[in-house]
Amino acid sequence: MILLSKVERFIRRHRLLQKGDRVLVAVSGGADSVALLHLLAALRHSWQLHIGVAHLDHGLRGKDSEQDAEFVEKLARSLDAACRIERLDVCSLARQKKLGLEEAGRWARQQFLSRMAREHEMDRIALGHQQQDQAETVLHHLMRGSGLRGLGGMPPGRDGLWIRPLLEVTRDEILAFLQEKGYSFRTDASNRDLRFTRNRIRHELIPMLQKEFNPRIVRALAQMALLAREDEAFLQHHSRKAAEKIGSRSPDGFSCRADELAGLPPALQRRMVLAALEEQEEGSSGMTLAHVMQVLDLAERGKSGRRALLPGGLEARRRFDRLILSSRSEPAKPPWVLELNIPGLAVSPEGSWSMEAETSTGRIRNAGSRPETISVAVPAPPGPLILRSWRPGDSYGVRRHRTVKRLWNDARVPLELRGIVPMVQSGTQLIWIPGFPPASLAENGIAETEGTFLHLIFRPRPGSPLARWIFRDRKLDSGRTSL
């Protein structure tokens, strides 16, 4: 059987199957998926395959849809394959998700097949896309201004789960195979509905290209897709290498030196940014070239504090000389004030830190840092302490006044932490900001060597962004920074 040998060679070349695999075959009842099921059934013994069938009734064609489902169920039974059929109102889904019918149908099928594969512990999901489907996909992407990734069309395999064994098989080969074997299939009248973009490509654009330009345009487009995928794989490899060299990943996202990103070839810049965004909680859905160029513009010309909002709840932020790609940061925290008794304990409004106050008498001493804390000792001021958030115009230090904003900028305190870090205030003066030395009180006439001393112990929540910044090194004692 010529077609079976061709498909098996394709499977081996692209390593789509392994012996003993459990394969879920998506069968609509049309010629392509029926041929796929029969071909895989023919390989079942030699490859030791366990085959299951899945069919989703979109509920778009009334009785015809019901007959498609009945046909698939009988076909699966005749091949001794387990079958799972479900029905979904795709029209309602499209309205609910504000999608076109085509897009809603694709999304629903993918969700259904993924769920079936998980529930039945299948190793592969086999799809019936063939060479003309590939050509249609390439043309569709081309008209949308796609890059190499889109021009590569559909890959033979994806994520070690989805496989397309018929991708090099022509439509004519499939129909000849079905006719030779006497296998029946269903014809979906909606495949000729020219309201759908793919149908217009199939029934109008491709025939026109075949007649006016190249009779073998389908094969030419499929060949271009193969070359584009190989070139894209090469560029992706080098963009990953560049990302490992200049970037770093953390729970907060991906970050790199903005000037180093801007210095890469544009082809690597775009791929690095898109790959970093795709790693963030599947948030890259809806990402376009325009969004990627927004990020690159931020890397090349953006000022610290600027950001670009991206689809899927993602954002790009410029933080001094670094570009950060991550989930969208929360809005600025509202102002807050807490009272800290001496002795006593206060906890931040959102639970991201605690502050403890205690006193001692004798000579001043630095209390040192306990595990996961930082602490300072200062001459005890009169009255209770206030913990509050930063206010515009705050200044810090006595001998040498500096605005807190400038202090933060010089120390490169992340913008999202500036509404969280507590300002410790006595009377009208700030006496300590965790992460910095205490403000000197000497010029207020308080003794520096003996008397009653206040010990402040600051404990950020372990593993939080605040803790990572506070403990970026363990030199946060009173001599680290000069005020």
| said: If I ask for residues that are over 21 Å from E103 (Cα atoms) and in a helix (DSSP H, G or I), which ones from segment 174-200 would you list? | reply: I174, L175, A176, F177, L178, Q179, E180, K181
| Limited to segment 104-115, what total is found for residues that are surrounded by fewer than 17 Cβ atoms within 10 Å (Cβ to Cβ) and either among the aromatic types (F, W, Y) or assigned by TED's automatic domain parsing to the domain that holds G286 (or both)? | 1
| message | Among the residues in segment 313-335, are any farther than 30 Å from L387 by Cβ, at pLDDT below 85 and either surrounded by 19 or more Cβ atoms within 10 Å (Cβ to Cβ) or touching a Gly at 6+ places or on another chain (Cβ under 9 Å) (or both)? | response | yes
| Search result, residues across segment 40-56 that are polar (S, T, N, Q) and at negative phi | S46
| query | When you look at R44, is it in the same structural domain as R216 (by TED's automatic domain parsing), in a helix (DSSP H, G or I) and free of Cβ contacts under 8 Å to residues at least 40 places away in the same chain, yes or no? | reply | yes
| said: Name the residue that is nearest to the chain's Cα centre (by Cα), counting only residues in segment 259-310 that are within 22 Å of D231 (Cα to Cα) and among the β-branched types (V, I, T). | reply: V273
| query | Just for segment 2-41: of the residues that are assigned to a helix (DSSP H, G or I), touching a residue at least 60 places away in the same chain (Cβ under 8 Å) and not hydrophobic (A, V, I, L, M, F, W, C), which one is nearest to V169 (Cα to Cα)? | reply | K6
| task | Those residues that are part of a helix (DSSP H, G or I) and over 25 Å from F71 (Cβ atoms), I need them from segment 201-213; list them, please. | result | I201, E204, L205, I206, P207, M208, L209, Q210, K211, E212
| Within segment 63-103, restricting attention to residues that are in contact with a Ser or Thr (Cβ under 9 Å, 6 or more places away or on another chain) and surrounded by 18 or more Cβ atoms within 10 Å (Cβ to Cβ), which residue is farthest from H38 (Cα to Cα)? | D68
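The values are calculated or read from the model by the stated rules, or taken from the named source; none is laboratory data. Quantities reported herein were computed from a predicted structural model and do not represent experimental measurements. Reconstructed Cβ throughout: ideal geometry from the backbone, glycine too, with neighbour counts over all protein chains shown.
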